[in-house]
1. Does residue 106 satisfy the criteria of being away from the ligand (no atom under 13 Å from the Cβ), buried (at least 17 other Cβ atoms within 10 Å of the Cβ) and in the same structural domain as residue 253 (by TED's automatic domain parsing)?
2. Within region 47-59, count every residue that is farther than 21 Å from residue 145 by Cβ and surrounded by fewer than 20 Cβ atoms within 10 Å (Cβ to Cβ).
3. Please verify whether residue 177 is closer than 21 Å to residue 215 by Cβ and modelled with pLDDT of 95 or more, treating the condition exactly as stated.
4. Just one of (1) in contact with a helix residue (DSSP H, G or I) (Cβ under 9 Å, 6 or more places away or on another chain); (2) surrounded by 13 or more Cβ atoms within 10 Å (Cβ to Cβ); (3) in a helix (DSSP H, G or I) trips up residue 139, so point out which.
5. Give region 216-255 a look and list any residue that's without any contact (Cβ under 8 Å) to a residue 40 or more places away in the chain and within 23 Å of residue 119 (Cα to Cα), or say none.
6. Quickly run through region 163-181 and pick out the residues that are within 15 Å of the ligand (Cβ to nearest atom) and either within 24 Å of residue 89 (Cβ to Cβ) or buried (at least 23 other Cβ atoms within 10 Å of the Cβ) (or both).
7. Working only within region 60-75, note down all residues that are out of contact with any helix residue (DSSP H, G or I) (no Cβ under 8 Å at 6 or more places or on another chain) and farther than 16 Å from residue 144 by Cβ.
8. Among the numbered conditions (1) within 16 Å of the ligand (Cβ to nearest atom); (2) closer than 27 Å to residue 82 by Cβ; (3) touching a residue at least 12 places away in the same chain (Cβ under 8 Å); (4) over 17 Å from the mean Cα position of the chain (by Cα), tell me where residue 45 comes up short.
Ligand code: APR
């Protein structure tokens, strides 16, 4: 767990920042029971991402892609925001967080109450027919028989998430680029920072003069290279401690 000094350092950086942006990854939702992708117990230990998570597989071997997607859907349908999500929602409500650029497709930042969310990889909360374009909430599709078919035309359906081999939605890319260029503090939470172009955002922030701080139990490709420092620990615990410290320092300042 992070030390009191590290928590205080990050809380002070947040209070002194004019614009803080967060980049979140799968580690953010581990404490909500959703497996991360890489590392021990990760989804990619079971399914090769380039094979199962690629748009070509979804189009031409949909039963394969939907084996993995069914597992993800079932975990997401059961998941609730953890106290790390709640802490970021509190930061937004306190005017201390401009936006979250999330790589996650579980929708938990929205459920926790954040409104300024850039879904860099879309989300798994709805599916769209690749033939007729009919869109329905994922909760309404039965996954007993996979691959699911469109209820209108029996065509193949695709979740609204970005698959390997697909482009990042232009709106998300431009907004994330703008937020990264104009922040003076970027919190990089629960991401291994190995997938691009999401992992470019901390580099863009750094290049624009921002301080980059990681929250992660382990070091990543950014540690000591792009990030100024890392607060090591699970995001639920660390973010809760940081927001409590922010409130304490604010009270002290008000005298
Ligand atoms: N709190 C914070 N971080 C954690 C926790 C936790 N409780 N548990 C694990 N982590 C960290 C791991 O140390 C790792 O650095 O979360 C990170 C998870 O890394 P990945 O599984 O690679 O997830 P992510 O970085 O979000 O992957 C990026 O890759 O497969 C694609 O599209 C997928 O959006 C995903 C992208």
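1. Details: away from the ligand (no atom under 13 Å from the Cβ): no; buried (at least 17 other Cβ atoms within 10 Å of the Cβ): yes; in the same structural domain as residue 253 (by TED's automatic domain parsing): yes.
No.
2. Within region 47-59, the first condition is being farther than 21 Å from residue 145 by Cβ, and the residues that meet it are 48-51, 53-56.
Subset that is surrounded by fewer than 20 Cβ atoms within 10 Å (Cβ to Cβ): 48-51, 54-56.
Selection size over region 47-59: 7.
3. no
4. Going through (1) in contact with a helix residue (DSSP H, G or I) (Cβ under 9 Å, 6 or more places away or on another chain); (2) surrounded by 13 or more Cβ atoms within 10 Å (Cβ to Cβ); (3) in a helix (DSSP H, G or I) one by one, residue 139 breaks only (2).
5. The answer is 220, 221, 222, 226, 227.
6. Within region 163-181, 169, 172, 176 qualify.
7. Residues satisfying the conditions are 60, 61, 75.
8. That leaves (3) as the condition not met.
The values are calculated or read from the model by the stated rules, or taken from the named source; none is laboratory data. No experiment lies behind these values; they were computed from the predicted model shown. Every residue, glycine as well, gets a Cβ built from its backbone with ideal geometry; the counts of neighbours run over all protein chains shown.
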